[in-house]
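The values are calculated or read from the model by the stated rules, or taken from the named source; none is laboratory data. Note that this is a predicted model, so its numbers are computed, not measured. All Cβ positions, glycine included, derive from the backbone under ideal geometry; neighbour counts span all protein chains shown. When the accessible area is computed, the model is the full protein with side chains, heavy atoms only, and any ligands, DNA or RNA have been set aside. Shrake-Rupley method; radii C 1.70, N 1.55, O 1.52, S 1.80 Å.
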Amino acid sequence: MTSFDDIAAQLDDQAIELPSWAFGNSGTRFRVFATPGTPRTVEEKLADAAQVHALTGLAPSVALHIPWDRVDDYDKLGRVAEDLGVRLGTINSNTFQDDDYKFGSLTHVDERVRAKAIAHHLECIDIMDVTGSRDLKIWLADGTNYPGQGDLRDRQDRLADSLQQVYARLGQEQRLVLEYKFFEPAFYATDVPDWGTSLVHCLALGDRAVVCLDTGHHAPGTNIEFIVAQLLRLGRLGSFDFNSRFYADDDLIVGAADPFQLFRILYEVIRGGGYGDASDVAFMLDQCHNVEDKVPGQIRSVLNVQEMTARALLVDREALREAERAGDVLGANGVLMDAFYTDVRADLADWRSSRGLPADPMQAYAASGYQDQIAADRLGGTQAGWGA
Ligand code: PSV
Ligand code: MN
């Protein structure tokens, strides 16, 4: 049996990147709700993210979305982050909210629009050069709603060419991370709908092109841990966008809908060498907090990832291997389930205390008065929102 003491030190390696947009207002196509205290600026988003890190020790970096987080001086923004105790991380491009991109961006049939989308990605790399960010994450809304609307094959060819132009501009230490999503906003055919398509483009680009797996971007019933195992096996799992879903791309708190799935994913990450110092896999959240407070929503999220990581680390891999080899079906399943059912909450509270962190970060946040403070301080201005 593996004990918590055996794995406690490995939890020190955990770093989960927070999305700046999680701190802004969001909602559905029916309504975006405003919340008192919502950041008006990227600096205020960073301040909120810093709270999550200060209370959990798990979230040292913040992903930016361009143009949502566009500023004049990224060097200065990096120093603001540093002063708050965090750093700037992945740069996410955004070619889904400009009228020009109605029929696509990197796949667009009009060379002017395609060139504009490529130029946007080059701007993102310019930003990365200043912020020291390693990853350019690309998610495209490109696709079609009706059969015949666009030539599926030509769109792939244009996509390959556009990505090549972007990839060619990357520095030696930088990566292109290509995210897939099976539908929405395109409903008939999405241009990067699945991990296979993302992988095919990454393989054509080169070693520094890797796949982003957003846990909400699969059809119901998809075995996501299998995809994790395969991409790790091929050295092409670049990053996770963690969130959870009941129906579609719900962007709910990771681990809320299906903690067992999160456990299975993290087990494959660990099994495949995707966890720890030696791994390049980036763990990020991609969530929207529509009805719950945003800072505690993010705290809960990173704690959920930590809790399932601890349980996945507890899997007695030797016993599992032995049972697998012996054809002991129920024994092997039992080894995995033993780890999944282990309650690690008290051990994690001790782990935090021994590292100078609050034993209960949710309770510490509630008691800190931060939520009331930002609600009182952040008056006037325009609250940040998904799309603003
Ligand atoms: C698309 O649904 C997505 O998952 C991409 O990562 C975007 O950048 C992000 O959501 C925006 O929230
Ligand atoms: Mn995503």
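Tabulated results
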{"item": "Entirely in the range 1-87, the helices (runs of 4 or more DSSP H) that have 3 or more residues that are exposed (fewer than 14 other Cβ atoms within 10 Å of the Cβ)", "result": "74-84"}
{"item": "Meets criteria (more than 16 Å from ligand 1 (Cβ to nearest atom) and polar (S, T, N, Q)) for Thr95", "result": "no"}
{"item": "Extreme residue, farthest from ligand 2 (Cβ to nearest atom), among residues of the range 213-228 that are within 18 Å of the chain's Cα centre (by Cα) and more than 14 Å from Phe182 (Cβ to Cβ)", "result": "Glu225"}
{"item": "Checking Gln230 against (1) within 13 Å of ligand 1 (Cβ to nearest atom); (2) open to solvent by 30 Å² or more (accessible area, probe 1.4 Å); (3) not small (Gly, Ala, Ser), the condition it does not meet", "result": "(1)"}
{"item": "Count of the range 175-191 residues which are within 16 Å of ligand 2 (Cβ to nearest atom), open to solvent by 10 Å² or more (accessible area, probe 1.4 Å) and assigned to a loop (DSSP other than H, G, I, E, B)", "result": "5"}
{"item": "Qualifying positions in the range 196-218 - more than 14 Å from ligand 1 (Cβ to nearest atom) and either surrounded by fewer than 17 Cβ atoms within 10 Å (Cβ to Cβ) or in a helix (DSSP H, G or I) (or both)", "result": "Gly196, Thr197, Leu199, Val200, His201, Cys202, Leu203, Ala204, Leu205, Gly206, Asp207"}
{"item": "Selection within the range 239-277 - aromatic (Phe, Trp, Tyr), within 12 Å of ligand 2 (Cβ to nearest atom) and free of Cβ contacts under 8 Å to residues at least 60 places away in the same chain", "result": "Phe240"}
{"item": "Number of the condition not met by Ala367 [criteria: (1) hydrophobic (A, V, I, L, M, F, W, C); (2) part of a helix (DSSP H, G or I); (3) under 26 Å from Gly27 (Cα atoms)]", "result": "(3)"}
{"item": "Residues (touching a Leu at 6+ places or on another chain (Cβ under 7 Å) and more than 16 Å from ligand 2 (Cβ to nearest atom)) located in the range 200-212", "result": "His201, Cys202, Leu205, Arg208, Ala209"}
{"item": "Among residues of the range 199-250, those that are polar (S, T, N, Q) and in contact with an Asp or Glu (Cβ under 8 Å, 6 or more places away or on another chain), counted", "result": "4"}
{"item": "Flag for Asp328 being within 25 Å of Asn243 (Cβ to Cβ), modelled with pLDDT of 95 or more and acidic (Asp, Glu)", "result": "no"}
{"item": "Complete set of residues in the range 104-149 that are more than 16 Å from ligand 1 (Cβ to nearest atom), open to solvent by 20 Å² or more (accessible area, probe 1.4 Å) and within 21 Å of Phe182 (Cα to Cα)", "result": "Asn145, Tyr146, Pro147, Gly148, Gln149"}
{"item": "Answer residue from the range 233-250, given it is closer than 20 Å to Gly276 by Cα, surrounded by fewer than 24 Cβ atoms within 10 Å (Cβ to Cβ) and of a type in the set (D, E, K, R) and is farthest from ligand 1 (Cβ to nearest atom) among those", "result": "Arg233"}
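Table: residues versus (1) closer than 18 Å to Thr56 by Cα; (2) in contact (Cβ under 8 Å) with a residue 24 or more places away in the chain; (3) surrounded by fewer than 21 Cβ atoms within 10 Å (Cβ to Cβ).
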{"position": "Ser279", "(1), (2), (3)": "no, no, yes"}
{"position": "Leu285", "(1), (2), (3)": "yes, yes, no"}
{"position": "Asp293", "(1), (2), (3)": "yes, yes, yes"}
{"position": "Asn304", "(1), (2), (3)": "yes, yes, yes"}
{"position": "Val315", "(1), (2), (3)": "no, yes, no"}
{"position": "Glu318", "(1), (2), (3)": "no, no, yes"}
{"position": "Ala326", "(1), (2), (3)": "no, no, yes"}
{"position": "Leu330", "(1), (2), (3)": "no, no, yes"}
{"position": "Met337", "(1), (2), (3)": "no, no, yes"}
